[in-house]
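Below: the structure, in structure tokens.
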Amino acid sequence: MPGAPRTAERLHKHLAHLGVESRRTVERWIEQGKVRVNGRVAQLGDKVDANSRITVDGRPLRWKPAAPPQRVIVYNKPEGQINTRKDPQNRPTVFQHLPKLKGGRWVAVGRLDINSRGLLLFTNDGGLANRLMHPRFCIEREYLCRVYGPVDAAAIARLRQGVRRGRESFRFQQVRRMRGAGGGAAGRNAWYSVVVSEGRYREVRRAWEAVGGRVSRLIRVRYGSVTLPKTLRSGQWRELKPAAISKLLQSGRAVDAEPPPGGAS
């Protein structure tokens, strides 16, 4: 049976390798009881082999041929697009603007909310997407932020050391005001470059709010080793070459502590 694991392999890992979705999404499906193996509801940690019958939402999952080569594309997301495949409100989604993928589906590496724009990565390999998003590897994300508010040196120092908002804490690995950013001495309506390494839900916006700032524009310009090409227009995509994918996989560093899962900034 081509494409089936020769030896027992964890279910969520196998589905991710087939490009069904990222490991995190597959794990959520398993927790929700959407996945069955040999007629019974699957559990986290289950293993499958060449003889396993797998269904997702009642639909049989057919073994695929050997996994295709890893592909990664860079997409320059404009404001107004959302990160879901379908939207009940019929708003435009990022997936409507990606190239057709034969025998698989694109998996988003992280998210950008509807009001943010800039670099988004997509891959045909769910395992690769999980590796690039997992908090354990601390892969840097760099953003340009236009911030309105009384941002002074003390606020910048707090952002570097760590701030709290509600029950969560946030910290910028790097933060610097852009040259010629304007905004006056108090830093009102000025542009900043910030670097984070977790990618939690609206992390950048909430960190600025914790020091009295408000982000009016947010642009992601780098994810790991990949920088948003200046020649890539809004709404366009470009495929990474194998050497660039290898370099991307070397981004970040593994740590023992695992922060909360990531999300949109």
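Read the figures in this text as sums done on the coordinates, not as results from a lab. Everything quoted here is computed from the prediction, not taken from an experiment. No Cβ is skipped: glycine too gets one built from the backbone with ideal geometry, and neighbour counts run over all protein chains shown.
Size estimate for the chain follows the Kirkwood approach: the inverse of mean 1/r over distinct Cα pairs works out to 19.9 Å.
For region 100-158, the spherically averaged projection of the C-alpha convex hull amounts to 6.1 nm².
Sort largest first and round to whole Å: the equivalent ellipsoid semi-axes of region 81-207, each the square root of five times a Cα gyration tensor eigenvalue. Can you show the working numbers first?
Working: eigenvalues 197, 61, 33 Å².
Ellipsoid semi-axes (Å, largest first): 31, 18, 13.
Annotation for residue 176 and residue 53: the two label points, set 7 Å from Cα along the Cα-Cβ direction, are 6.1 nm apart. Building the convex hull from the alpha-carbon atoms of region 137-236 and averaging its projection over directions returns 7.0 nm². Taking only the C-alpha atoms of region 7-155, Rg followed by Dmax gives 18.3, 63 Å.
When restricted to Cα atoms, region 196-239 yields an Rg and a Dmax of 13.2, 39 Å, respectively.
From the cross-link list 34/247; 77/100; 13/102; 86/230; 13/34, which pairs have alpha carbons spaced over 25 Å apart?
34/247; 86/230
Estimated from helices alone, the mean residue ellipticity of the chain at 222 nm is -5000 deg cm²/dmol (sum of -39500 (n - 2.57) over DSSP H runs with n ≥ 4, per residue). Between the C-alpha center of region 196-223 and that of region 31-49 there is a gap of 37 Å.
Please identify which residues in region 154-178 have an amide N closer than 17 Å to a label point set 7 Å out from the Cα of residue 214, following the Cα→Cβ vector. Backbone N within reach: none found.
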